[in-house]
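To start, the structure itself, in structure tokens.
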Amino acid sequence: MKELEEALSTFKGNPHMTIPALQAAQGKLGYLSREAIGDVAQTLGITTGEAYGVVTFYSQFRLKPVGKNIITVCRGTACHTMGSLGILKELEKTMGIHAGETDEKQEFTLQTIACFGACARAPVTVTEELGIPGRKVHGYMTKMKARDLVDGLKEKMTEEAAEAK
Amino acid sequence: MEGVMTSRSGVLESLRAEGVKSISPDCSKITVGMATCGIAQGARGIFAAIEEEVAASKLDIAVESTACIGFCQVEPIVEVYLPGKSRTLYQQMTPDKSRELVAATARGEVKKEWALCTVEGTAEGIPAMKEIPFYKKQLKVVTRNCGFISPRSIAEYIARDGYLALSKALGMKSDEVIDEMSHSGLRGRGGAGFPTGKKWSFARNAPGDQKYVICNGDEGDPGAYMDRAVMEGDPFAVLEGLTIAAYAIGSSQGFLYTREEYPLAREMMDNAIESAKKYGLLGKNILGSGFDFDVRITKGAGSFVCGEETALIASIEGKLPNPLPRPPYPAISGLFGKPTVINNVETLATVPQIIRNGADWFSSMGTESTKGTKIFSLVGKINNNGLVEVPMGISLREIVFDIGGGIPKGRKFKAVQSGGPSGGLIPEECLDTPVDYEHLEALGAIMGSGGMIVADDKTCMVDMTKFFFDFLNYESCGKCAPCREGIRQAHDILEDICSGEGKEEDLETLGELAHTVKDFSLCALGGTAPNSLLTTLRYFKDEYYAHIKDKRCPAGVCKKLITYHVDPEKCSGCRVCIKVCPQGAISGELKKVHLIDQEKCIKCGACLEACKLDAIIVE
Ligand SMILES: Cc1cc2nc3c(=O)[nH]c(=O)nc-3n(C[C@H](O)[C@H](O)[C@H](O)COP(=O)(O)O)c2cc1C
Ligand code: FES
């Protein structure tokens with residue numbers, strides 16, 4: 001793929017760089033397409049099977065495109081004790097998708113993570129926008145805050161769409 | 001040799017002077033705690049407000065950022081330094097309060113009503129750090145710089161005696177460095193508690209001209225975040241420790257493995273590496289000693305098992321991170337088959353202090369078997385959330401009640417979970433146990449990396465156990481059958497019990513499964529996985545019986561076993577719950593007691609969260 005050439009150029013012929021190379025490719029595309037994984041394997045000089053093995057092992061790698069907004073619910077121990085399952089269920093209901101899924105319009109992706117390291121703020125949810133560096137950590141989440149979070153993001157998208165016109 | 005010494009101290013001396021000035025300048029200084037937890041609580045907005053206010057009024061006040069001082073509960077925290085007077089911490093700050101604080105600072109005054117404590121000097125009506133319950137029993141050794149210096153500034157690190165240890169070590173023989181480590185009694189803080197000096201001497205004596213050192217910053221234990229805090233708050237200490245380790249074993253290349261989830265920690269470590277290189281504290285001919293050492297950062301991609309040393313090594317090599325049977329240990333054959341020392345972040349951050357202050361100083365703290373201090377993340381149902389560093393030998397009760405301030409909302413303590421997914425749940429009757437490796441293991445838990453999650457009477461022990469098995473089921477790499485199949489089966493049984501479909505003989509099956517997984521798994525993931533199950537079966541069997549026999553969840557957590565009701569005594573008829581119920585299951589008129597239709601109720605808990613009067617009862 002043309003758009004990956006530059007991102008992968010530094011890893012050429014270095015089979016030890018599987019993870020960084022996949023991270024670079026995902027950073028560029030937002031996910032790892034079949035083609036992208038093939039490109040990474042070829043650049044590094046490993047088999048596509050080996051690359052797939054690594055991709056499916058780690059939770060960071062995605063095989064499907066993601067939405068414009070990515071909402072990540074922490075399901076670590078501190079967050080679980082403080083009720084993060086309830087937050088996740090509430091978001092699933094509000095957004096109409098399950099954890100690990102993206103909605104049809106590709107506006108939202110909902111996912112979980114093992115721990116953000118902000119456990120004192122449990123339960124924690126993080127939001128980020130695809131392609132925009134930086135993330136927002138929301139601590140002490142409640143179901144109400146979860147609903148407001150989605151509403152706020154929807155509003156923002158509507159505003160941006162209006163502005164674009 | 002003398003010439004070398006002079007140029008060595010030359011660099012350090014000028015940086016030290018610079019650092020002393022920036023820590024305690026001639027003008028007043030306001031510092032905002034901007035570690036991950038502070039930022040999550042709005043520290044960025046506070047920093048901006050302070051900068052704006054200082055600029056607008058053209059004040060002679062320095063504005064800086066630091067990392068986490070541990071008391072996460074009262075973030076955002078702001079420190080104000082008034083030269084010649086005091087250095088004071090302020091808690092739960094807001095942008096508005098910060099603006100007022102700027103004005104007070106300009107007048108050379110403290111704001112007593114928002115103050116948490118003083119960390120230097122005195123101020124009337126404000127307690128000293130050592131006097132407030134959260135800090136009184138703590139002993140800051142590894143975290144001594146966290147929240148006290150700018151983590152980006154090598155000068156401030158040096159001003160607080162940073163790099164004296166490396167300087168000293170480079171003047172010692174490598175065997176002497178290792179002897180010092182062995183004498184100190186330091187044991188690895190990553191979980192296994194292996195003596196650090198011994199590990200280094202294995203690698204030092206292993207044949208091979210290329211050797212490696214690795215800093216394990218994977219911190220996969222959910223609920224523990226001390227390694228993040230140390231990397232964010234005192235990155236140079238980690239780097240100095242790694243450099244000393246490299247010198248001791250004769251390695252010229254190091255690796256730092258960090259998690260995808262910790263971008264700020266990585267940024268700080270990156271910056272530390274660059275600064276150290278700039279001043280000749282990393283790279284070729286360090287401090288003119290002829291010793292070369294370089295460090296590369298690698299980024300993990302989200303996997304618990306990757307924190308296990310052999311898996312981590314495979315991951316750096318670009319392979320699938322499946323743990324390998326040991327021996328051979330990495331110290332003999334590790335990264336690319338070469339002798340490799342792999343140490344945890346907290347372990348490495350302790351190293352410079354041991355070299356600087358001596359092994360005897362370190363071993364004077366702690367217990368017979370476990371020397372020094374350990375950082376714990378005290379989180380969950382606890383009043384004072386945060387990172388606490390305590391001398392080994394302190395009791396769990398002192399940590400939970402004296403430092404942690406007990407359980408919020410006057411609820412009852414039920415258990416403290418120590419050691420993460422590999423650890424166990426410890427009940428009230430064991431709270432007087434002194435904390436060290438051996439004592440926690442005797443309880444069936446482990447110290448692990450230092451996660452301590454407190455549970456109250458509203459936390460279900462069966463659900464907690466199921467939660468860990470869920471986690472381990474997902475994270476088990478699947479290579480060996482006892483771990484893969486055993487954890488899955490135990491998980492399924494636990495799920496049945498939580499759904500009210502448990503049978504009495506399940507408890508026996510669970511016990512058998514636990515022992516099979518423990519005894520026959522390939523790596524410590526499986527070897528320790530059953531601890532949560534074994535401890536809950538040992539200490540909280542009644543709760544299992546309540547689920548199985550009475551089809552009841554005493555903590556009110558397991559959805560299939562509970563019902564929601566309105567307490568007619570407390571309900572004021574405000575209709576709030578009616579509005580939030582997604583099912584339309586609640587009915588009632590304004591100012592009359594409401595009613596929940598059990599047929600429609602999906603037990604989502606929305607009413608419980610919304611009711612301000614605690615009028616929703618879970619049974
Ligand atoms: C499943 C599993 C996960 C582990 N995760 C970590 C981790 O996240 N961080 C860490 O430092 N050690 C972790 N360890 C321990 C490492 O294998 C290793 O013992 C440690 O990094 C050695 O450093 P130390 O001697 O300084 O403790 C883990 C071990 C196992 C079995
Ligand atoms: S457990 Fe959720 S942030 Fe650590």
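Every number in this text was worked out from the coordinates using simple rules, so none of it is lab data. Predicted model only: the values in this text are computed from it and were never measured. With ideal geometry, Cβ positions are generated from the backbone for all residues, glycine too; neighbour counts draw on all protein chains shown.
Quick look at the numbers
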| read-out | value |
| --- | --- |
| In the stretch B:537-599, the GluC sites (Glu not before Pro) that fall in loop regions by DSSP, at most 15 other Cβ within 10 Å | B:E569, B:E589, B:E599 |
| Acute angle (nearest 10 degrees) that the helix A:143-164 long axis makes with the longest principal axis of chain A, alpha-carbon atoms | 60 degrees |
| Under 15 Å, Cα to Cα: Lys pairs in the stretch B:187-338, sequence gap 8 or more or different chains | 4 |
| Ordering of B:468-480, B:450-462, B:405-417 by packing [mean C-beta count within 10 Å, highest first] | B:450-462, B:468-480, B:405-417 |
| Of the GluC sites (Glu not before Pro) in the stretch A:52-149, those whose Cβ has at most 16 other Cβ within 10 Å and which sit in DSSP loop | A:E104, A:E107 |
| In sequence order, calculated HN-Hα J values of the stretch B:297-303 (Karplus, 6.51, -1.76, 1.60; Hz; x Gly/Pro) | 8, 10, 10, x, 10, x, 6 |
| Other protein chain Cβ atoms within 10 Å, averaged over every residue that makes up A:106-119 | 6 |
| Dipole moment magnitude, nearest 20 debye, the stretch B:154-362 about Cα centre, only Lys, Arg, Asp, Glu C-beta charged | 480 debye |
| Radius of gyration and Dmax over the Cα atoms of the stretch B:79-166, both given in Å | 14.5, 44 |
| Rounded D (µm²/s) - the stretch B:373-456, Kirkwood Rh over Cα pairs, Stokes-Einstein at 10 °C, 1.306 mPa s | 130 µm²/s |
| Net charge, B:S449 excluded, C-beta distance under 14 Å - Lys, Arg +1, Asp, Glu -1 | -3 |
| Chain B: DSSP helices with Cα axial extent of at least 18 Å and average Kyte-Doolittle hydropathy no lower than 0.5 | B:43-56, B:235-249 |
| Integer Hz, Karplus 6.51/-1.76/1.60 couplings in order for the stretch B:587-597, x for Gly and Pro | 10, x, 8, 4, 6, 10, 4, 8, 9, 9, 7 |
| For residues of A:120-127, the mean tally of beta carbons on other chains within 10 Å | 5 |
| Principal axis dimensions, largest first and in whole angstrom, of the stretch B:461-548 by Cα | 35, 20, 19 |
| Around B:E429: net Lys/Arg minus Asp/Glu count, Cβ-Cβ under 12 Å | +1 |
| Rg to Rh, two decimals, where chain B supplies the alpha carbon set and Rh follows Kirkwood | 1.01 |
| Given A:K89/B:K560; A:K64/A:K165; B:K409/B:K579; B:K414/B:K559; B:K21/B:K374; A:K143/B:K600, the pairs whose alpha carbons are separated by over 22 Å | A:K64/A:K165; B:K409/B:K579; B:K21/B:K374 |
| Estimated inter-spin distance, B:E176 and B:K503, nm [label 7 Å along Cα→Cβ] | 7.0 nm |
| Neighbouring partner chain Cβ atoms per residue of B:221-231, average, 10 Å criterion | 5 |
| Net charge over other residues, Cβ less than 10 angstrom from the Cβ of A:E90 (K, R count +1; D, E count -1) | +3 |
| The stretch B:201-350: radius of gyration over Cα atoms, expressed as a fraction of 2.2 N^0.38 Å | 0.98 |
| P(r) tail fraction, the stretch A:83-154 - alpha-carbon pairs more than 18 Å apart, % | 35 percent |
| Semi-axis lengths (Å, descending) of the ellipsoid that matches the C-alpha gyration tensor of the stretch B:5-146 | 24, 20, 16 |
| The stretch B:320-428 shape via C-alpha gyration tensor axes, a/c threshold 1.5 | oblate |
| Three-way shape call for the protein assembly as shown based on the alpha-carbon gyration tensor, with the a/c threshold at 1.5 | rounded |
| Positive-end extreme of charge dipole, the protein assembly as shown - chosen from B:L89, B:G290, B:G527 (charges on Cβ) | B:L89 |
